[in-house]
Amino acid sequence: MKRYRIALVPGDGIGKEVAPAGKRVLEALAEPGSDCAFDFEEFPWGADFYRQHGVMMPEDGLDALKAKDAILFGSAGDPAIPDHITLWGLRLKICQGLDQYANVRPARILPGIDAPLKRCCAEDLDWVIVRENTEGEYAGAGGRVHRGFPLEVAADMSVMTRTGVERIQRFAFRLAAGRPRKRLTVVTKSNAQRHAMVMWDEIAAEVAREFPDVEWDKEMVDAMTARMVSRPASLDTIVATNLHADILSDLAAALAGSLGMAPTANLNPERVYPSMFEPIHGSAFDIMGKGIANPIGTFWSLVLMLEHLGEAEAARRLMHAIEQVTANPKLHTRDLGGAATTSEVTEAVCARVRAAAKKSVATA
Ligand code: ATP
(Lines give C-alpha, C1' and ligand atoms only; values in the text may rest on other atoms or scores of the structure.)
Protein backbone atom coordinates (compact mmCIF):
# COMPACT_ATOMS: atom_id res chain seq x y z
CA MET A 1 0.00 0.00 0.00
CA LYS A 2 1.22 3.47 -0.86
CA ARG A 3 1.09 6.22 1.79
CA TYR A 4 1.01 9.85 0.71
CA ARG A 5 1.98 12.83 2.84
CA ILE A 6 -0.63 15.53 2.28
CA ALA A 7 -0.28 19.14 3.43
CA LEU A 8 -3.65 20.67 4.27
CA VAL A 9 -3.77 24.47 3.94
CA PRO A 10 -7.42 25.48 4.50
CA GLY A 11 -6.62 29.23 4.40
CA ASP A 12 -9.55 31.61 4.84
CA GLY A 13 -13.32 31.93 4.50
CA ILE A 14 -15.04 28.86 3.07
CA GLY A 15 -11.59 27.31 2.53
CA LYS A 16 -11.89 26.34 6.21
CA GLU A 17 -15.07 24.44 5.36
CA VAL A 18 -14.27 22.81 2.04
CA ALA A 19 -10.67 21.73 2.79
CA PRO A 20 -11.69 19.62 5.85
CA ALA A 21 -14.50 18.18 3.69
CA GLY A 22 -11.81 17.18 1.18
CA LYS A 23 -9.82 15.52 3.95
CA ARG A 24 -12.89 13.47 4.92
CA VAL A 25 -13.27 12.28 1.33
CA LEU A 26 -9.61 11.21 1.14
CA GLU A 27 -10.06 9.34 4.43
CA ALA A 28 -13.09 7.54 2.98
CA LEU A 29 -11.05 6.61 -0.10
CA ALA A 30 -8.32 5.15 2.10
CA GLU A 31 -10.63 2.76 3.96
CA PRO A 32 -10.27 -1.04 3.54
CA GLY A 33 -10.25 -2.13 -0.07
CA SER A 34 -8.05 0.76 -1.15
CA ASP A 35 -4.37 0.48 -1.94
CA CYS A 36 -3.51 4.04 -0.91
CA ALA A 37 -3.48 5.89 2.40
CA PHE A 38 -2.89 9.48 3.45
CA ASP A 39 -1.04 11.16 6.33
CA PHE A 40 -2.19 14.74 6.83
CA GLU A 41 -0.44 17.72 8.33
CA GLU A 42 -2.46 20.90 8.67
CA PHE A 43 -0.90 24.34 8.27
CA PRO A 44 -3.02 27.13 9.82
CA TRP A 45 -1.79 29.83 7.42
CA GLY A 46 -3.83 32.72 6.03
CA ALA A 47 -5.51 35.87 7.31
CA ASP A 48 -5.70 34.82 11.00
CA PHE A 49 -2.01 33.90 10.91
CA TYR A 50 -1.33 37.33 9.34
CA ARG A 51 -3.19 39.09 12.17
CA GLN A 52 -0.99 37.27 14.70
CA HIS A 53 2.38 37.27 12.94
CA GLY A 54 2.25 39.95 10.21
CA VAL A 55 2.80 37.37 7.46
CA MET A 56 0.42 34.95 5.72
CA MET A 57 2.78 32.01 6.19
CA PRO A 58 6.13 31.58 7.99
CA GLU A 59 9.48 32.18 6.27
CA ASP A 60 10.35 28.47 6.35
CA GLY A 61 6.83 27.41 5.28
CA LEU A 62 7.91 26.36 1.80
CA ASP A 63 10.48 23.95 3.29
CA ALA A 64 7.73 22.24 5.28
CA LEU A 65 5.66 21.86 2.09
CA LYS A 66 8.61 20.48 0.10
CA ALA A 67 8.58 17.41 2.36
CA LYS A 68 5.02 16.52 1.22
CA ASP A 69 3.70 14.57 -1.77
CA ALA A 70 0.85 17.00 -2.48
CA ILE A 71 -0.93 20.04 -1.05
CA LEU A 72 -4.68 20.53 -0.63
CA PHE A 73 -5.42 24.26 -0.50
CA GLY A 74 -8.73 25.92 0.43
CA SER A 75 -8.72 29.64 -0.39
CA ALA A 76 -7.06 32.88 0.67
CA GLY A 77 -8.73 36.26 1.20
CA ASP A 78 -10.18 38.37 3.97
CA PRO A 79 -12.40 41.45 3.81
CA ALA A 80 -10.16 43.24 6.36
CA ILE A 81 -6.85 42.67 4.52
CA PRO A 82 -6.04 43.97 1.02
CA ASP A 83 -6.36 41.20 -1.58
CA HIS A 84 -2.86 41.71 -2.96
CA ILE A 85 -1.41 40.92 0.50
CA THR A 86 -3.43 37.73 0.97
CA LEU A 87 -2.81 36.58 -2.62
CA TRP A 88 0.93 37.30 -2.77
CA GLY A 89 1.55 36.19 0.81
CA LEU A 90 0.20 32.69 0.45
CA ARG A 91 -1.11 31.25 -2.81
CA LEU A 92 1.33 32.96 -5.16
CA LYS A 93 4.19 32.38 -2.72
CA ILE A 94 3.50 28.65 -2.87
CA CYS A 95 2.87 28.47 -6.65
CA GLN A 96 5.96 30.48 -7.52
CA GLY A 97 8.14 29.08 -4.69
CA LEU A 98 7.42 25.48 -5.71
CA ASP A 99 7.63 26.25 -9.45
CA GLN A 100 4.06 25.06 -10.07
CA TYR A 101 4.07 26.59 -13.50
CA ALA A 102 1.20 24.68 -15.08
CA ASN A 103 -2.23 25.51 -13.74
CA VAL A 104 -4.75 23.05 -15.15
CA ARG A 105 -8.47 23.85 -14.98
CA PRO A 106 -10.94 21.34 -16.42
CA ALA A 107 -14.47 22.58 -17.16
CA ARG A 108 -17.28 20.20 -17.93
CA ILE A 109 -21.02 20.09 -17.24
CA LEU A 110 -21.46 17.32 -14.68
CA PRO A 111 -24.59 15.10 -14.67
CA GLY A 112 -27.65 16.79 -13.17
CA ILE A 113 -26.29 20.33 -13.46
CA ASP A 114 -28.48 22.95 -15.08
CA ALA A 115 -25.85 25.01 -16.89
CA PRO A 116 -26.71 28.47 -18.27
CA LEU A 117 -26.01 27.64 -21.93
CA LYS A 118 -29.39 26.15 -22.71
CA ARG A 119 -28.54 25.48 -26.33
CA CYS A 120 -25.45 23.59 -25.29
CA CYS A 121 -25.44 19.90 -24.36
CA ALA A 122 -22.95 18.38 -21.93
CA GLU A 123 -20.70 17.10 -24.73
CA ASP A 124 -20.35 20.65 -26.13
CA LEU A 125 -18.55 21.91 -23.07
CA ASP A 126 -15.60 19.73 -22.18
CA TRP A 127 -12.56 21.93 -21.88
CA VAL A 128 -9.23 22.02 -20.11
CA ILE A 129 -7.79 25.48 -19.59
CA VAL A 130 -4.02 25.61 -19.06
CA ARG A 131 -2.94 28.74 -17.23
CA GLU A 132 0.67 29.92 -17.12
CA ASN A 133 1.18 30.11 -13.36
CA THR A 134 4.51 31.71 -12.49
CA GLU A 135 5.13 34.80 -14.60
CA GLY A 136 3.36 37.08 -17.13
CA GLU A 137 1.04 39.63 -15.55
CA TYR A 138 1.66 38.04 -12.13
CA ALA A 139 5.46 38.43 -12.26
CA GLY A 140 5.24 41.15 -9.64
CA ALA A 141 7.41 43.51 -11.69
CA GLY A 142 6.61 47.17 -11.33
CA GLY A 143 6.47 49.81 -8.69
CA ARG A 144 4.81 52.87 -7.25
CA VAL A 145 6.53 56.14 -6.49
CA HIS A 146 5.59 59.64 -5.23
CA ARG A 147 2.58 58.24 -3.37
CA GLY A 148 -0.16 60.78 -2.79
CA PHE A 149 1.47 63.48 -4.94
CA PRO A 150 0.03 64.59 -8.27
CA LEU A 151 3.05 63.09 -10.01
CA GLU A 152 2.39 59.66 -8.48
CA VAL A 153 3.29 56.84 -10.89
CA ALA A 154 2.27 53.19 -10.69
CA ALA A 155 3.26 50.45 -13.12
CA ASP A 156 2.68 46.71 -13.38
CA MET A 157 4.73 45.02 -16.03
CA SER A 158 3.96 41.66 -17.59
CA VAL A 159 7.16 39.67 -17.85
CA MET A 160 7.46 36.66 -20.13
CA THR A 161 10.56 34.56 -20.57
CA ARG A 162 11.28 32.27 -23.51
CA THR A 163 11.77 29.38 -21.05
CA GLY A 164 8.50 30.15 -19.25
CA VAL A 165 6.44 30.45 -22.43
CA GLU A 166 8.03 27.43 -24.10
CA ARG A 167 7.40 25.13 -21.15
CA ILE A 168 3.74 26.09 -20.74
CA GLN A 169 3.07 25.85 -24.48
CA ARG A 170 4.76 22.45 -24.63
CA PHE A 171 2.75 21.31 -21.59
CA ALA A 172 -0.50 22.42 -23.27
CA PHE A 173 0.30 20.82 -26.64
CA ARG A 174 1.21 17.57 -24.88
CA LEU A 175 -2.04 17.65 -22.89
CA ALA A 176 -4.05 18.35 -26.07
CA ALA A 177 -2.28 15.49 -27.86
CA GLY A 178 -3.40 13.12 -25.10
CA ARG A 179 -7.08 14.09 -25.36
CA PRO A 180 -9.41 12.48 -27.90
CA ARG A 181 -10.00 15.62 -30.02
CA LYS A 182 -6.31 16.68 -30.13
CA ARG A 183 -7.27 20.33 -30.45
CA LEU A 184 -5.60 23.35 -28.85
CA THR A 185 -6.59 27.01 -28.87
CA VAL A 186 -3.81 29.47 -28.02
CA VAL A 187 -5.28 32.63 -26.45
CA THR A 188 -3.44 35.85 -27.17
CA LYS A 189 -3.67 39.63 -27.33
CA SER A 190 -0.81 40.24 -29.72
CA ASN A 191 -2.72 42.91 -31.65
CA ALA A 192 -2.48 45.33 -28.70
CA GLN A 193 0.45 43.98 -26.71
CA ARG A 194 3.16 43.99 -29.31
CA HIS A 195 6.17 42.59 -27.45
CA ALA A 196 5.57 39.75 -24.98
CA MET A 197 2.37 38.51 -26.63
CA VAL A 198 4.01 38.46 -30.05
CA MET A 199 6.77 36.29 -28.59
CA TRP A 200 4.03 34.12 -27.02
CA ASP A 201 2.48 33.59 -30.50
CA GLU A 202 5.84 32.88 -32.15
CA ILE A 203 6.77 30.29 -29.53
CA ALA A 204 3.34 28.61 -29.90
CA ALA A 205 4.01 28.22 -33.63
CA GLU A 206 7.50 26.79 -32.94
CA VAL A 207 6.26 24.29 -30.33
CA ALA A 208 3.34 23.30 -32.60
CA ARG A 209 5.86 21.78 -35.03
CA GLU A 210 6.72 19.17 -32.35
CA PHE A 211 3.05 18.10 -32.29
CA PRO A 212 1.90 17.51 -35.88
CA ASP A 213 -1.15 15.54 -34.64
CA VAL A 214 -2.55 18.51 -32.75
CA GLU A 215 -4.85 20.81 -34.67
CA TRP A 216 -4.36 24.29 -33.21
CA ASP A 217 -5.60 27.81 -33.67
CA LYS A 218 -5.12 31.25 -32.18
CA GLU A 219 -7.83 33.45 -30.67
CA MET A 220 -7.73 36.97 -29.22
CA VAL A 221 -8.82 36.92 -25.59
CA ASP A 222 -11.77 39.26 -26.19
CA ALA A 223 -13.09 37.13 -29.07
CA MET A 224 -12.47 34.07 -26.92
CA THR A 225 -15.11 35.13 -24.35
CA ALA A 226 -17.73 35.33 -27.12
CA ARG A 227 -16.60 32.01 -28.63
CA MET A 228 -16.88 30.24 -25.25
CA VAL A 229 -20.53 31.28 -25.08
CA SER A 230 -21.58 31.00 -28.73
CA ARG A 231 -19.44 28.10 -30.05
CA PRO A 232 -18.40 26.04 -26.99
CA ALA A 233 -18.02 22.81 -28.99
CA SER A 234 -15.28 24.40 -31.12
CA LEU A 235 -12.96 24.37 -28.07
CA ASP A 236 -11.13 21.58 -26.31
CA THR A 237 -7.75 22.37 -24.72
CA ILE A 238 -6.97 26.05 -24.19
CA VAL A 239 -3.69 27.73 -23.19
CA ALA A 240 -3.51 31.31 -21.96
CA THR A 241 -1.38 33.67 -19.92
CA ASN A 242 -1.70 33.97 -16.16
CA LEU A 243 -4.25 36.82 -16.22
CA HIS A 244 -6.17 35.83 -19.34
CA ALA A 245 -6.66 32.26 -18.08
CA ASP A 246 -7.67 33.51 -14.64
CA ILE A 247 -10.55 35.43 -16.18
CA LEU A 248 -11.50 32.82 -18.78
CA SER A 249 -11.62 30.03 -16.21
CA ASP A 250 -14.12 31.90 -14.02
CA LEU A 251 -16.28 32.28 -17.13
CA ALA A 252 -15.80 28.58 -17.89
CA ALA A 253 -16.80 27.65 -14.33
CA ALA A 254 -19.96 29.75 -14.51
CA LEU A 255 -20.86 28.30 -17.92
CA ALA A 256 -20.41 24.79 -16.52
CA GLY A 257 -22.83 25.49 -13.67
CA SER A 258 -21.16 27.20 -10.70
CA LEU A 259 -17.89 28.61 -9.46
CA GLY A 260 -18.27 26.21 -6.54
CA MET A 261 -17.76 23.17 -8.79
CA ALA A 262 -14.57 24.09 -10.64
CA PRO A 263 -11.25 22.41 -9.80
CA THR A 264 -7.60 23.36 -10.24
CA ALA A 265 -4.24 21.65 -10.23
CA ASN A 266 -1.12 23.79 -9.77
CA LEU A 267 1.44 21.40 -11.21
CA ASN A 268 5.17 21.16 -11.04
CA PRO A 269 5.21 18.72 -13.96
CA GLU A 270 8.83 17.64 -13.40
CA ARG A 271 7.86 16.61 -9.83
CA VAL A 272 10.87 18.31 -8.28
CA TYR A 273 8.40 19.92 -5.86
CA PRO A 274 4.93 18.91 -4.69
CA SER A 275 1.93 20.14 -6.66
CA MET A 276 -1.05 21.95 -5.14
CA PHE A 277 -4.76 21.26 -5.66
CA GLU A 278 -7.60 23.68 -4.86
CA PRO A 279 -11.08 24.74 -5.91
CA ILE A 280 -10.92 27.80 -8.18
CA HIS A 281 -13.31 29.84 -6.03
CA GLY A 282 -12.10 32.28 -3.41
CA SER A 283 -12.92 32.71 0.26
CA ALA A 284 -16.60 33.72 -0.38
CA PHE A 285 -17.07 35.50 2.95
CA ASP A 286 -20.73 36.12 2.13
CA ILE A 287 -21.55 32.46 2.74
CA MET A 288 -18.84 31.59 5.27
CA GLY A 289 -19.90 29.83 8.46
CA LYS A 290 -23.33 28.94 7.06
CA GLY A 291 -22.38 25.40 6.09
CA ILE A 292 -23.68 25.87 2.54
CA ALA A 293 -20.45 26.10 0.52
CA ASN A 294 -20.40 23.73 -2.43
CA PRO A 295 -17.51 21.30 -1.79
CA ILE A 296 -17.60 19.71 -5.28
CA GLY A 297 -14.79 21.95 -6.64
CA THR A 298 -12.58 20.68 -3.82
CA PHE A 299 -13.51 17.04 -4.42
CA TRP A 300 -12.90 17.34 -8.18
CA SER A 301 -9.51 18.90 -7.33
CA LEU A 302 -8.77 15.75 -5.33
CA VAL A 303 -9.46 13.71 -8.48
CA LEU A 304 -6.72 15.75 -10.18
CA MET A 305 -4.47 15.13 -7.16
CA LEU A 306 -5.02 11.37 -7.30
CA GLU A 307 -4.35 11.34 -11.06
CA HIS A 308 -1.12 13.28 -10.49
CA LEU A 309 -0.06 10.82 -7.76
CA GLY A 310 -0.62 7.94 -10.20
CA GLU A 311 -3.71 6.62 -8.34
CA ALA A 312 -5.86 6.29 -11.46
CA GLU A 313 -8.30 3.79 -9.98
CA ALA A 314 -8.97 5.92 -6.86
CA ALA A 315 -9.37 8.99 -9.11
CA ARG A 316 -11.96 7.18 -11.24
CA ARG A 317 -13.81 5.97 -8.13
CA LEU A 318 -13.98 9.50 -6.69
CA MET A 319 -15.07 11.11 -9.99
CA HIS A 320 -17.81 8.51 -10.35
CA ALA A 321 -19.00 9.23 -6.78
CA ILE A 322 -19.03 12.99 -7.51
CA GLU A 323 -21.08 12.47 -10.67
CA GLN A 324 -23.58 10.25 -8.83
CA VAL A 325 -24.04 13.00 -6.27
CA THR A 326 -24.39 15.89 -8.74
CA ALA A 327 -26.96 13.81 -10.67
CA ASN A 328 -29.26 13.99 -7.63
CA PRO A 329 -30.87 17.49 -7.33
CA LYS A 330 -31.61 16.80 -3.64
CA LEU A 331 -27.85 16.94 -3.11
CA HIS A 332 -27.37 20.33 -4.76
CA THR A 333 -26.13 23.23 -2.64
CA ARG A 334 -27.67 26.71 -2.80
CA ASP A 335 -25.38 27.96 -5.61
CA LEU A 336 -26.98 25.25 -7.79
CA GLY A 337 -30.50 26.15 -6.71
CA GLY A 338 -30.72 23.40 -4.08
CA ALA A 339 -30.83 23.27 -0.28
CA ALA A 340 -28.19 20.68 0.60
CA THR A 341 -25.45 21.55 3.09
CA THR A 342 -21.69 21.12 2.70
CA SER A 343 -21.72 18.20 5.11
CA GLU A 344 -24.67 16.44 3.41
CA VAL A 345 -22.86 16.58 0.06
CA THR A 346 -19.62 15.44 1.71
CA GLU A 347 -21.27 12.49 3.45
CA ALA A 348 -23.03 11.51 0.21
CA VAL A 349 -19.74 11.47 -1.72
CA CYS A 350 -18.00 9.54 1.10
CA ALA A 351 -20.84 6.97 1.19
CA ARG A 352 -20.58 6.36 -2.58
CA VAL A 353 -16.80 6.07 -2.42
CA ARG A 354 -17.12 3.47 0.36
CA ALA A 355 -19.87 1.57 -1.48
CA ALA A 356 -17.71 1.40 -4.62
CA ALA A 357 -14.77 0.12 -2.54
CA LYS A 358 -16.93 -2.65 -0.99
CA LYS A 359 -18.15 -3.66 -4.44
CA SER A 360 -14.61 -3.90 -5.78
CA VAL A 361 -13.52 -6.00 -2.74
CA ALA A 362 -16.53 -8.28 -3.26
CA THR A 363 -15.77 -8.83 -6.95
CA ALA A 364 -12.01 -9.30 -6.40
P1 ATP B 1 -11.81 36.08 -3.06
O2 ATP B 1 -11.64 37.55 -2.87
O3 ATP B 1 -11.14 35.26 -2.00
O4 ATP B 1 -11.50 35.61 -4.46
P5 ATP B 1 -14.65 36.37 -3.47
O6 ATP B 1 -15.72 36.22 -2.45
O7 ATP B 1 -14.39 37.69 -4.09
O8 ATP B 1 -13.35 35.75 -2.82
P9 ATP B 1 -15.29 33.94 -4.73
O10 ATP B 1 -15.11 33.32 -3.41
O11 ATP B 1 -14.51 33.33 -5.82
O12 ATP B 1 -14.93 35.44 -4.72
O13 ATP B 1 -16.81 33.81 -5.04
C14 ATP B 1 -17.70 34.72 -5.63
C15 ATP B 1 -19.12 34.32 -5.21
O16 ATP B 1 -19.43 33.01 -5.70
C17 ATP B 1 -19.21 34.22 -3.70
O18 ATP B 1 -19.63 35.42 -3.16
C19 ATP B 1 -20.18 33.09 -3.45
O20 ATP B 1 -21.48 33.57 -3.29
C21 ATP B 1 -20.08 32.23 -4.70
N22 ATP B 1 -19.29 31.02 -4.43
C23 ATP B 1 -17.95 30.87 -4.62
N24 ATP B 1 -17.56 29.64 -4.25
C25 ATP B 1 -18.66 29.00 -3.82
C26 ATP B 1 -18.91 27.70 -3.30
N27 ATP B 1 -17.93 26.79 -3.15
N28 ATP B 1 -20.16 27.37 -2.95
C29 ATP B 1 -21.16 28.25 -3.11
N30 ATP B 1 -21.01 29.50 -3.59
C31 ATP B 1 -19.77 29.87 -3.95
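The values are calculated or read from the model by the stated rules, or taken from the named source; none is laboratory data. These figures come from a predicted structure and were not determined experimentally. Every residue, glycine among them, receives a Cβ derived from its backbone with ideal geometry; neighbour counts consider all protein chains shown. What goes into the accessible areas is simple: the full protein's heavy atoms, side chains included, and nothing from ligands, DNA or RNA. Shrake-Rupley method; radii C 1.70, N 1.55, O 1.52, S 1.80 Å.
Just a few scattered comments:
- A Förster radius of 30 Å combined with the Cβ-Cβ distance from E166 to D35 puts the calculated FRET efficiency at roughly 0.20.
- Heavy-atom accessible surface of W216, to the nearest 10 Å², is about 80 Å², with a 1.4 Å probe and all protein chains retained.
- Plainly put, the chain has a radius of gyration that is 0.97 times its Kirkwood radius, both from alpha-carbon atoms, as the Rg/Rh ratio.
- Separation of the K330 and W88 label points, Cα + 7 Å toward Cβ, nm: 5.0 nm
- Radius ratio Rg over Rh of segment 59-209, counting only Cα atoms, Kirkwood formula for Rh: 1.02
- For the listed residue pairs K2/K68; K23/K182; K23/K359, the alpha carbons are over 25 angstrom apart in K23/K182.
- Projected label distance in nm at V159 and S190, using a 7 Å step from Cα toward the beta-carbon: 2.3 nm
- Rounded Å value of the spacing that divides the Cα centres of segment 230-285 and segment 132-172: 20 Å
- Shown is the FRET efficiency for D124 and R144, computed with R0 = 41 Å from the Cβ-Cβ distance and rounded to the nearest 0.05: 0.40.
- Antiparallel DSSP beta bridges within the chain, as percent of all bridges there, nearest 5: 45 percent
- FRET efficiency estimate (nearest 0.05) - Cβ-Cβ, D213 to D286, R0 35 angstrom: 0.15
- Given their separation in residues at 0.36 nm each and the Cα-Cα distance between them, R5 and S230 gain 76.7 nm when the chain is fully extended.
- Dipole magnitude for the chain: about 700 debye, using +1 per Lys or Arg Cβ and -1 per Asp or Glu Cβ, origin at the Cα centre.
- Residue with peak Gaussian network fluctuation, the chain [Cα springs, cutoff 10 Å], from A28, A115, A80: A80
- Ellipticity at 222 nm from helices only: DSSP H runs of n ≥ 4 in the chain, each -39500 (n - 2.57), divided by the residue count, give -12000 deg cm²/dmol.
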